[in-house]
Amino acid sequence: MGAELPHPPTLPRRPQLAAFQVVFVILGLLVLPAALTLQTVQHPGRLEITSTNPTPLGYTVSLLFFLVPAAALLGWLRQRHDLALQRRACGRTLAVLVPLGFLLDLLFGNAFFTFPNPAATVGIRVPAVGGPLPLEEFVFYLSGFGVVLLTYVWADEYWMAAYNIPDYAAATAGMPRLVQFHWPSLAVGAGLLVTALLYKKLWSPVPAGFPWYVTYLVGAGFVPSAGFFRTAQPFINWRAFSFTFFFIDLVSLLWEATLALPYGSWG
C-alpha cells in the first residue's frame, strides 16, 4: 500500500455573526448609502398639483397594498391545517397590536398626523380626540399588522422553512421563565429616542416641539421587547424576518414617498 497523503492543515474557524446580527448589517448597508445620497440634495424640488382632487379615493384604494397580500396569505394559512398553533399565535398577536394602532389614532391621531386631502377617502369619519379621523386610518393598522404577521408566518413555514424550529413543543421543554429582562433592547430604544430628539432639534426643518410619534412607536415596540426578546430570540426565523422587513420597507417607500405624502392622503 502506498503512503497515506498528509491531511491538509485545518484552518482556524472565523466567528460567524448570528442571524439577527446579519439582518442589521444588511440594513446598515442599505441605509448608509441612501442617507449619504439624500444629503447631496441641496435644493429639493416641489410637486405642483394642478387639481383640487388629484387622487380620487387614493387612500382608500391604496389600502390594497396591504389587503391583497393579506387576503392571499390568509387563504394559504387557512388551508394549512397543520399550523393551528401559528393561527392562534397570529390571532393573539393581532389582539395586542391592533388595539395599540387604534389607540394611537384615537388619542393622538390629530396631534401626530394631518389628512389634507379628504377626497382621497370614502368620507366616513371615526370620532377621536381632537376631531374625527378617516375610517381608512383604522383599516390601515388592521391590515398592516395582519400582512406583516402573515408574511412572516408564510416565509417561516414555507419559503424559508429550512431555517425554522421543526418542533416548538420540544424546543420549549424546560424553558425558564417567560419574562427575562433584555438590557440591550432598552438601550436601543433609548438610543433611538436620543437620535430622534437630536435630529429634531439640530437638523429638522421644523425644530420646534418634541418627537412624540417616534416616542410612542419606540415605547410600544422596544419596551415589550426588553421583557420578552431574550426568550423569543431562539425561536425567531431571522431570514423570514428579514424577508418580511424588506417587503414592508419596499411597500412603505412606494406608498408614502411617492403617493400618500405628495398627494395628501396623510402627512
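Remarks
- Val251 being farther than 30 Å from Trp159 by Cα and at pLDDT 85 or above: no
- Where Ile165 falls short, out of the listed (1) aliphatic (A, V, I, L, M); (2) loosely packed, with under 13 Cβ neighbours inside 10 Å; (3) touching a residue at least 40 places away in the same chain (Cβ under 8 Å); (4) not in a helix (DSSP H, G or I): (2)
- The one condition from (1) under 18 Å from Phe20 (Cα atoms); (2) in contact (Cβ under 8 Å) with a residue 12 or more places away in the chain that Ala171 does not meet is (1).
- Single residue of the range 106-130 satisfying the filter (free of Cβ contacts under 8 Å to residues at least 24 places away in the same chain and in a loop (DSSP other than H, G, I, E, B)) that is surrounded by the most Cβ atoms within 10 Å (Cβ to Cβ): Ala128
- Just one of the numbered conditions (1) touching a helix residue (DSSP H, G or I) at 6+ places or on another chain (Cβ under 9 Å); (2) over 19 Å from Val96 (Cα atoms); (3) of a type outside the set (A, V, I, L, M); (4) touching a residue at least 24 places away in the same chain (Cβ under 8 Å) is not true of Phe222: (2).
The values are calculated or read from the model by the stated rules, or taken from the named source; none is laboratory data. Keep in mind it's a predicted model, so treat the numbers as computed, not measured. Backbone-built Cβ (ideal geometry, glycine too); neighbour counts: all protein chains shown.
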